[in-house]
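Below: the structure, in structure tokens.
The values are calculated or read from the model by the stated rules, or taken from the named source; none is laboratory data. Since the structure is predicted, the reported quantities are computational estimates derived from the model, not experimental observations. Neighbour counts are summed over all protein chains in view; Cβ atoms, including those assigned to glycine, are modelled from backbone coordinates with ideal geometry.
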Amino acid sequence: MRDNIVAVGLLTQRDLQALGSGFDRAFPVDGLEGFRDLLAQLDQIEALSAAGQQGPARDGKP
């Protein structure tokens with residue numbers, strides 16, 4: 001049986017230490033070049049949320 005991915009996160013070493021030794025499925029990433037678009041989209045969602053607006057619906061419907 002295959003496990004479904006339920007979360008993806010960008011964590012610092014400090015974050016991993018806070019999670020403890022039970023969190024053992026972290027995959028290190030060198031640099032953020034491949035994540036610039038993703039980070040920009042997350043920043044946009046965060047800005048919309050702070051402004052009290054909703055972001056785009058997941059199913060493409062308004």
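Against the list (1) among the charged types (D, E, K, R); (2) more than 21 Å from Asn4 (Cα to Cα); (3) modelled with pLDDT of 80 or more, the condition Lys61 fails is (3).
All told, Gly20 falls short of being more than 17 Å from the chain's Cα centre (by Cα) and at pLDDT below 80. The residues of segment 3-28 that are of a type outside the set (Gly, Ala, Ser) and loosely packed, with under 11 Cβ neighbours inside 10 Å, listed by number, are Asp3, Asn4, Ile5, Val6, Val8, Thr12, Gln13, Arg14, Asp24, Arg25, Phe27, Pro28.
Looking across segment 41-58 at every residue that is surrounded by fewer than 10 Cβ atoms within 10 Å (Cβ to Cβ) and modelled with pLDDT of 80 or more, the one that is farthest from Leu10 (Cα to Cα) is identified as Ala51.
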